[in-house]
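Colleague: One structure follows; several queries about it will come next.
The values are calculated or read from the model by the stated rules, or taken from the named source; none is laboratory data. Just so it is clear, the structure is predicted and the values come from calculations on it, not from any experiment. With ideal geometry, Cβ positions are generated from the backbone for all residues, glycine too; neighbour counts draw on all protein chains shown.
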Amino acid sequence: MGYELLVLDIDGTVTNSEKKVLPKTREAVFQIQRMGVKVVLASGRPPEGVLPVAGELGFDRYGSYILAFNGGKILDARTGRCVFEKCLPRHLPGCLWEDAVRNQIGMAAYRTGTIVAGTCLFYTSAAAAGPLCVGLWGAPVFKKKKKLAHIEVGR
């Protein structure tokens, strides 16, 4: 029996320690997709953090998938269509924010294309440059000092 699906992590599996996809890795993933095997990039990153790697691996040509937010959102890489999404209940982000502030724990909320952060622990050096900086996945980070009035959590 042949394989139908291959699920790969990004960091340290598809990319090296410099976050680069090596040519031999790229070719191996292309070859497996040409054989008809669907490939899934699985990551805790938001979709914007996975899309560049998926593009480099030809996902838009072969119809493979992106599993973002540790499985909270799955996208068809060819069409960009969301095939699955599981979000927090609407009441929960506010409670989590209050707990994070009270316990001095970093927290960030993601809103399509933007990271909204309070006491976030993953700022890059650009954080000192002002209220807008770039986070880990290239998404802009807006620092907030007050509780978020509203966090979009999906449908």
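Colleague: Quick check, is Leu41 in contact (Cβ under 8 Å) with a residue 12 or more places away in the chain, over 24 Å from Tyr110 (Cα atoms) and in contact with a helix residue (DSSP H, G or I) (Cβ under 9 Å, 6 or more places away or on another chain)?
Modeller: Judged against the criteria, Leu41 is not a match.
Colleague: I'd like to know if the stretch 3-16 contains one or more residues that are over 27 Å from Thr112 (Cβ atoms), among the acidic types (Asp, Glu), more than 20 Å from the chain's Cα centre (by Cα) and part of a helix (DSSP H, G or I).
Modeller: no
Colleague: Return a yes/no flag: does the stretch 55-72 have any residue that is of a type in the set (Ser, Thr, Tyr), in a helix (DSSP H, G or I), surrounded by 14 or more Cβ atoms within 10 Å (Cβ to Cβ) and modelled with pLDDT of 95 or more.
Modeller: The first filter runs over the stretch 55-72 and keeps only residues of a type in the set (Ser, Thr, Tyr), leaving 62, 64-65.
Retained after the next criterion (residues that are in a helix (DSSP H, G or I)): 62.
Filter again for surrounded by 14 or more Cβ atoms within 10 Å (Cβ to Cβ), leaving 62.
After this cut, where a residue has to be modelled with pLDDT of 95 or more as well, the list is none.
No - not one qualifying residue is present in the stretch 55-72.
Colleague: Among the listed residues Gly58, Gly44, identify the single one that is at positive phi, within 20 Å of the chain's Cα centre (by Cα) and not acidic (Asp, Glu).
Modeller: Values: Gly44 fails: at positive phi.
Matching residue, one of Gly58, Gly44: Gly58.
Colleague: Return the pairs, sorted by first residue and then second, in which the second residue is assigned to a strand (DSSP E or B), the first residue lies in the stretch 67-82 and is among the basic types (Lys, Arg), the beta carbons are less than 8 Å apart, and the residues are 6+ apart or on different chains.
Modeller: Sorted first by the residue in the stretch 67-82, then by its partner, the pairs are Lys73/Leu67; Lys73/Cys82; Lys73/Phe84; Lys73/Glu85; Arg81/Leu75.
Colleague: Out of the stretch 77-127, which residues are within 29 Å of Ala54 (Cβ to Cβ), hydroxyl-bearing (Ser, Thr, Tyr) and either surrounded by 13 or more Cβ atoms within 10 Å (Cβ to Cβ) or modelled with pLDDT under 80 (or both)?
Modeller: Across the stretch 77-127, the qualifying residues are Tyr110, Thr112, Thr114, Tyr123, Thr124, Ser125.
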